[in-house]
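Everything below concerns the one structure shown next.
The values are calculated or read from the model by the stated rules, or taken from the named source; none is laboratory data. None of the values given here were measured: they were computed from a predicted structure. Please note: Cβ atoms are built from the backbone with ideal geometry, for glycine as well, and neighbour counts cover all protein chains shown.
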Amino acid sequence: MTAGIEVREGIYWVGVKDWARRSFDGLIPLPHGTSYNAYLVRGATKTALVDTVNPGFEGELLAKLTEVTDPARLDYVIMNHAEPDHAGALPAVLAAAPRAEVVLTAKGAEMAVRLYRVPEDRMRLVKDGDALDLGGKTLQFVDAPFLHWPETMFTYAVEDKVLFPCDFFGTHTAEGLYDDEVVDLTVRAQMYFGAIMMPFRKAGERALEKLSSLPIELIAPSHGPLWRHPERVLTLYRRRTAGETLHKVVVAYVSMWGSTERLVRVAAEALLRQGVQVAVHELAHVDVSDLAGELVDARAIVLGAPTVLGALHPAALNAAHLVRTLRPPLRYAAVLSSYGWGGGALRQAGEIFGPTGIEVVGTVEVHGAPGPEDEARAGALARTLAAKVTG
Ligand code: FEO
């Protein structure tokens, strides 16, 4: 795809579909690829490019821009966010657009110098509420720090009622131009929220409060399809930033010789019998986005983890670390563990969960293979946890 697409009169999608990308940050699998959405906004007197694209796609971006306008006539490049997937093509764009100024926050300016060596005399700093008049089109800037870096802002096209929120409201998929063209988009949006925005729920609530005064007809994020039904993603984000949870437990486990798995199976079935929604993830093969997407609305977690060399199995350690850093709205936890000749997993799980504020309701640890009494203890713990979750 080399042509820009007009999504509103005078507003063009000039982004890139990266169908082949399979990982983000070496952390988030991308089974459906992703997109780096950039937008050209053409007023009667001035023209602005909103965000750029990932390094390696500069030529495709400039080719699409050229179909709509002469890049040399570009007046502004809006840098909503400094991360390379959106700002990495800045050097190429500025070279092709010698009179363009980069419009960014003060924190964004520091990053633009460090990451892209943008000269200070080519920057225009903006604050919350500032606006640019393009001639019949006004771009207004909304300070939105920590969504998900400190410098982030949104851009709002006032007359067209189009919001450009960069990563916020994004999804990692190369499929579809609009939200109604991807069947399970809200599921993917929830996974994206869990992996990227969940640690910043308070900042997200503040941003949504600011946006509530703006009429929005189209949300044009920098990853994934555009939301021409914006209420779909606004409703999702209101719930997720508020930390609303379900009667739901995430069971995340890894097992070496089946002992921990046996406890996990007993506990999961006991939870189901108590009417609790259960999402089980085997950690040796887990997709971080899947796990993060489940954690966004779960009230509790059961961590199943054997001891390996006096500590948590590394796959469980990674999951516990994710819980600590992604800060999901979990209230309760239980730990199921087994060991061959010496424990250590429970101690380490306690150290990780301790500072999170998540209440560890109980633990079951087995020396060797679990017998009927051990399974009974796992079932009893699950029922105690279910009472907390549904209480
Ligand atoms: Fe899509 Fe934070 O970059």
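Residue by residue through segment 219-268, note down the ones that are of a type in the set (D, E, K, R) and touching a residue at least 24 places away in the same chain (Cβ under 8 Å). Residues satisfying the conditions are 228, 232, 238, 239, 240, 244, 248, 261, 262.
Note on segment 27-37: residues that are within 14 Å of the ligand (Cβ to nearest atom) and either within 21 Å of residue 322 (Cβ to Cβ) or in a loop (DSSP other than H, G, I, E, B) (or both) amount to 6. Among the residues of segment 129-146, those identified as within 15 Å of residue 104 (Cα to Cα) and either out of contact with any Lys or Arg (no Cβ under 8 Å at 6 or more places or on another chain) or in a strand (DSSP E or B) (or both) are 129, 130, 131, 132, 139, 140, 141, 142, 143, 146.
Might you check whether a residue that is in a loop (DSSP other than H, G, I, E, B) and under 18 Å from residue 35 (Cα atoms) occurs anywhere in segment 246-253? Walk me through it before giving the result.
Of segment 246-253, the ones in a loop (DSSP other than H, G, I, E, B) are 246-247.
Those left that are additionally under 18 Å from residue 35 (Cα atoms): none.
No, there is no match, as no residue in segment 246-253 is in a loop (DSSP other than H, G, I, E, B) and under 18 Å from residue 35 (Cα atoms).
Please work out if residue 344 is surrounded by fewer than 22 Cβ atoms within 10 Å (Cβ to Cβ), more than 26 Å from residue 26 (Cβ to Cβ) and in contact with a Gly (Cβ under 6 Å, 6 or more places away or on another chain). Considered against the rule, which asks whether it is surrounded by fewer than 22 Cβ atoms within 10 Å (Cβ to Cβ), more than 26 Å from residue 26 (Cβ to Cβ) and in contact with a Gly (Cβ under 6 Å, 6 or more places away or on another chain), residue 344 comes out as yes.
Scanning segment 130-161 for residues that are away from the ligand (no atom under 16 Å from the Cβ), of a type outside the set (S, T, N, Q) and within 24 Å of residue 83 (Cβ to Cβ) yields 130, 132, 139, 141, 142, 143, 156, 157. With respect to being in a strand (DSSP E or B), more than 17 Å from residue 86 (Cα to Cα) and either more than 14 Å from the ligand (Cβ to nearest atom) or not assigned by TED's automatic domain parsing to the domain that holds residue 76 (or both), residue 183 falls outside the description.
For segment 319-335, a residue qualifies if it is more than 16 Å from residue 244 (Cβ to Cβ), touching a residue at least 60 places away in the same chain (Cβ under 8 Å) and more than 17 Å from the chain's Cα centre (by Cα), and exactly one does: 334.
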